[in-house]
1. If you take the residues of the stretch 186-207 that are part of a loop (DSSP other than H, G, I, E, B) and surrounded by fewer than 22 Cβ atoms within 10 Å (Cβ to Cβ), which of them is nearest to the chain's Cα centre (by Cα)?
2. Return the only residue of Leu66, Leu91 being closer than 20 Å to Lys149 by Cα, touching a residue at least 40 places away in the same chain (Cβ under 8 Å) and outside any strand (DSSP E or B).
3. Looking at Gly74, Gly80 in this structure, which one is at pLDDT below 95 and buried (at least 21 other Cβ atoms within 10 Å of the Cβ)?
4. So which residues in the stretch 126-176 are of a type in the set (Ser, Thr, Tyr) and touching a helix residue (DSSP H, G or I) at 6+ places or on another chain (Cβ under 6 Å)?
5. Here are some residues: Ile125, Ile148. Which one is of a type in the set (A, V, I, L, M, F, W, C) and surrounded by fewer than 21 Cβ atoms within 10 Å (Cβ to Cβ)?
6. Does the stretch 1-50 hold any residues that are out of contact with any Ser or Thr (no Cβ under 9 Å at 6 or more places or on another chain) and part of a strand (DSSP E or B), and which are they?
7. If I ask for residues that are surrounded by fewer than 24 Cβ atoms within 10 Å (Cβ to Cβ) and out of contact with any helix residue (DSSP H, G or I) (no Cβ under 7 Å at 6 or more places or on another chain), which ones from the stretch 284-307 would you list?
8. Return the residues of the stretch 75-91 that are under 20 Å from Gly166 (Cβ atoms) and under 20 Å from the mean Cα position of the chain (by Cα); say none if nothing qualifies.
Amino acid sequence: MKQIVSKKRAAAIIDRFFGPRVIVVGDIMVDHFIWGKVSRISPEAPVPVVEVARESQMLGGSANVLNNIIAAGGNASIAGVVGSDQMGRWLVEKLEKSGISSEGIVKEDRPTTVKTRIVAHNQQIVRFDRESRKAVLPSSIELILKYIKSEKNELGAIVISDYNKGIVSEQLLEGIRQLTKGTGIVTCVDPKRRDLSIYRGMDVITPNHLEAEAAMGMEDMNGQEPGKEARLLEAAKGLIEKCGFKCLLITRGELGMSLFERGAEAVHIPAMGKEVYDVTGAGDTVIGIFALSMAAGASFREAAYLANKAAGIVVGKVGTATVSAEELKKSL
């Protein structure tokens, strides 16, 4: 494969990560991990008994996208909704202790989304979620848009991290379209909807292969089916034209990524991970590093290359992980 970007150019982009601000808007969560080991099966049911060794809590969902941007040296802020509960308070305190403003976070009478994963011997055994998927209040969306507007002059990119938990609505998306119209602010979306037309007019969209195939009517096709790549190319072009995207980046697991850019030849980027231990949060890393690279002046191809490198690093770590600028440079 022809080299997408030279090592010198990639390093120069990474050096500019601390430039224009990136704001992350979306579903804020807590990733709760219970770590332990399994040495026996329960006499009550054919399930493993986990002997708990420790617990940890981390920023999750859109807050993990923020975490990835900051860990890589980026200048970022966040906007979203949390509950008026213990986990909501923990999230706000965690952000403020890390020097991140909570000004863009709105509190509502709803549970803060918490994903609890039980991990034994570096393998996830089960996950259970505590959440509400009802739409957030229109007044909360207005407060979020007001915050984005106050940051507008410093922004290089906006990441919309949609986990379909109630915050990413037509009201929010239309507000962002109006705020970014005629500016150089890049809008990037990590989607969770079957119908991607709700995100129309955004610059970049980064579905995984299952989400993309469902959106393009290809979910009935086998991964190795003859002619699939050609059909994928045609469907991607049609989706870009229909929704007005400038770029469609499909993450394809062990197959890497496929980048479809309006008016340009499609590019396939092979997976970089040598050993895969945990894919938790890998999509957050992809869109975080992609948006950060765009804000730093990268082209779509250069941003995809660096995002792919970053994803290859984080899947080699256990749990919700991030990548530093130094790690990214070494991977070049």
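The values are calculated or read from the model by the stated rules, or taken from the named source; none is laboratory data. Just so you know, these numbers come straight off a predicted model, no measurement behind them. Backbone-built Cβ (ideal geometry, glycine too); neighbour counts: all protein chains shown.
1. Within the stretch 186-207, the first condition is being part of a loop (DSSP other than H, G, I, E, B), and the residues that meet it are 191-195, 200-203, 206-207.
Then keep just the ones that are surrounded by fewer than 22 Cβ atoms within 10 Å (Cβ to Cβ); that gives 192-195, 200-201, 203.
Numbers: Lys192: 11, Arg193: 14, Arg194: 17, Asp195: 18, Arg200: 18, Gly201: 19, Asp203: 15 Å.
Taking the candidates together, the pick is Lys192.
2. Working: Leu91 fails: closer than 20 Å to Lys149 by Cα.
The match here is Leu66.
3. Within the list Gly74, Gly80, the selection yields Gly74.
4. Hit for the stretch 126-176 is Ser161, nothing else.
5. Values: Ile148 fails: surrounded by fewer than 21 Cβ atoms within 10 Å (Cβ to Cβ).
Selected residue: Ile125, the only one of Ile125, Ile148 that is of a type in the set (A, V, I, L, M, F, W, C) and surrounded by fewer than 21 Cβ atoms within 10 Å (Cβ to Cβ).
6. Those that are out of contact with any Ser or Thr (no Cβ under 9 Å at 6 or more places or on another chain) and part of a strand (DSSP E or B): Gly36, Lys37, Val38, Ser39, Arg40, Ile41, Val50.
7. Ser299, Phe300, Arg301 - these are the residues of the stretch 284-307 that are surrounded by fewer than 24 Cβ atoms within 10 Å (Cβ to Cβ) and out of contact with any helix residue (DSSP H, G or I) (no Cβ under 7 Å at 6 or more places or on another chain).
8. Result: Ile78, Ala79, Gly80, Val81, Val82, Leu91.
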